[in-house]
1. Under 7 Å by Cβ, and 6 or more places apart or on different chains, what pairs join a residue from the range A:178-195 that is within 10 Å of another protein chain (Cβ to nearest Cβ) with one that is in a helix (DSSP H, G or I) and hydrophobic (A, V, I, L, M, F, W, C)?
2. Tally time: how many residues in the range B:153-167 are open to solvent by 30 Å² or more (accessible area, probe 1.4 Å), within 20 Å of residue B:136 (Cβ to Cβ) and not in a helix (DSSP H, G or I)?
3. Can you find a residue that is among the polar types (S, T, N, Q), assigned to a helix (DSSP H, G or I), open to solvent by 30 Å² or more (accessible area, probe 1.4 Å) and closer than 19 Å to residue B:123 by Cα anywhere in the range B:35-55?
4. If residue A:289 passes every condition in (1) of a type outside the set (Lys, Arg); (2) open to solvent by less than 10 Å² (accessible area, probe 1.4 Å); (3) more than 17 Å from the chain's Cα centre (by Cα) but one, which one does it miss?
5. Which one of B:2, B:6, B:39 is modelled with pLDDT under 95 and more than 14 Å from every other protein chain (Cβ to nearest Cβ)?
6. Looking only at the range A:225-271, how many residues end up being open to solvent by less than 10 Å² (accessible area, probe 1.4 Å), among the charged types (D, E, K, R) and under 20 Å from residue A:370 (Cβ atoms)?
7. Anything in the range B:94-144 that is of a type in the set (Gly, Ala, Ser) and either in a helix (DSSP H, G or I) or open to solvent by less than 10 Å² (accessible area, probe 1.4 Å) (or both)? List them, or say none.
8. For the range B:60-87, give me each residue that is of a type in the set (A, V, I, L, M) and under 17 Å from the mean Cα position of the chain (by Cα).
Amino acid sequence: MLPDKRGYFGEYGGKFVPETLMSALSELETAYAEAMADDDFQKEFNHLCRDYIGRPTPLYCAQQLSDKIGGATILLKREDLAHTGAHKINNALGQGLLAKRMGKTRIIAETGAGQHGVAAATICAMLGLECIVYMGSEDMRRQSPNVNRIKLTGAEVRPVTSGSCTLKDAINEAIRDWVSNVQNTHYLLGSVVGPHPYPMIVRNFQAIIGQEAREQVLADYGRLPDYLVACVGGGSNSIGLFHPFYNDKNVKFIGVEAGGLGLETNKHSAALLTGKTGVLHGTKSYLMENEHGQIRETHSIAPGLDYPGVGPEHSYYKDSGRATYIAVTDVQALEGFKLLCDTEGIIPALEPAHAIYHVAKLAAGLPQEQLIIVNLSGRGDKDLEIVTRALGMEL
Amino acid sequence: MSQITSVFKPGYKVLIAYITVGYPDIKATLSIAAALAESGCDIIELGIPFSDPLADGVTIQKSSYQALQQGTTPQACLDTAAEISKKVSVPLVFMTYYNPVLNFGLELFCQSCITAGINGLIVPDLTPEEGAELEAITRKHDLDLVYFLAPTSTEERIAAVAERSRGFIYLVSLTGVTGTRDTLPLELEGFVKRVRQKSKQPLCVGFGVSTPEHAKRVAAIADGVIVGSRLIQLIEEDATLASLKSFVASMREALN
């Protein structure tokens, strides 16, 4: 099972961090292994997954959407119904319990769309831990409802004004904080990026999505799905869905990256489709960089996908052909957003709206008996302002 | 013995100066380097700017950003180093993050370093765990690859770095990023002592070293001091470089 001992998925992964953090990463790896072997930890995690997060989340057959498209049957994994409204809470709960077990009293987190920030702040409130969330000033502007939610749960939001003022810069600042306060602080990283063991730990806490979906589809349909589809920014909701199906070779994985204004424009966030191997934020993976090795600025209408890198496991899936990656533009994502609102009365976040758009295309060309599971990774309340403006609606 | 190690002599304390290449511009970098050598620096650390310098505090973040805005590429830094090495005799090392080097191509980058008169590399996001490939290539080209140790380093890590760092060992004085500080941590002496017990290599202390008083305290326990952010501030404050020169001279004096 990957990653290997050095934290590599094939040639991707590793630990490219300042020396100051190396012992903290080892400490985290050891604490995680001990927690996994501890029945009490597992029991507490499972109990809070059920009673606090509200798991299992439903696997909902989107009949109206499927009928409208007239092709394959579309199933939605309803992570939007998890407490705080997105899949991010699964990992925040797991790492929060881990931090407490390690005796860390201070939690730092980065956030793009704000969903991880909300999840981290929420879990810290529940566990009685101090919480500081780094957020790009541009993201604070476009996801202001989430800024308020973070503050209401007692966390501090620190605006980041360097670079493009988005997720990448928030991670830089969180790492600088961690380097400075490593003794008492746990960095609650929100995606399957960063140095080993983060891509492994975050994946394993998010794998509950795929584990449930696998059981649910077998119970309801008596068979495995034909396709799994999910959006990919850093890649945690997609890996969480995909990973438990890894050995089911007939189940195809499709990851949907943010095509922004179009791949030909440079204003997008499609690291897997357009990037090359590089090192950012402690991990070796596909990366959007210029010809001099400087990280490029990215764009997406969905702040949670607006990131120049991607988790190393996705890079491995891409090279090995286990998953296929495609891009959906801002305009297409808005179409996906409207489609789900109209047909199912479900308002998706802009991130999974990318996946919805692609699923609609994919399903149209497939027979009805084919099953597609799409991860509806979050709800769209946070995006109402962006969407109403983009669609020229008056609220 | 490499160019870098030959600078370290018994009883002598080495002064290492960091500047960002291309800050405020390339032409200024040439005169700054000359001024540093004249005023008593023993090794000049030339920073190749990177878009995401996560081990750096605000001063070097700003200088890196401005240098990039000026169009300072790794190739421009190599060209600048070649110019500098013609004019000054002190050893030169490059400080940069791993991605620009990886993008350039490890082999080609090391070859180009030698041609440009660079004697060593310092890569703050590269630890021995990930350094094997660059280590092998730098060895082949007689470039020193300097590794870091931090107050949080375990005994095991100290032993590994002591064995594999070449040129000297870069001791991070504090748990934090680069930048000027009013005081150095109380634990500094204990940390340096801990490393000394496991290492025969020269030990240089950097991060936060901002005054002649700091330099004196470091000189009492280590073999060299590294100063960076304070120099960048002085370059910003006084473009004539007079403040920079007198500060470097005062640091040199504090070490003698």
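1. Matching pairs, first to second residue: A:178/A:21; A:179/A:21; A:182/A:21; A:182/A:24; A:195/A:25.
2. Here the count works out to 1.
3. The answer is no; no qualifying residue exists.
4. The failed condition is (2).
5. Answer to the check: B:2.
6. Qualifying residue count, the range A:225-271: 0.
7. Within the range B:94-144, B:112, B:116, B:120, B:131, B:132, B:136 meet the criteria.
8. Within the range B:60-87, B:60, B:78, B:81, B:84 meet the criteria.
The values are calculated or read from the model by the stated rules, or taken from the named source; none is laboratory data. Note that the coordinates shown come from a computational prediction; the quantities given were computed from them, not determined experimentally. Using ideal geometry, Cβ is built from the backbone for each residue, glycine included, and neighbour counts are taken over all protein chains shown. Accessible surface areas use protein heavy atoms only, side chains included; no ligands, DNA or RNA. Shrake-Rupley method; radii C 1.70, N 1.55, O 1.52, S 1.80 Å.
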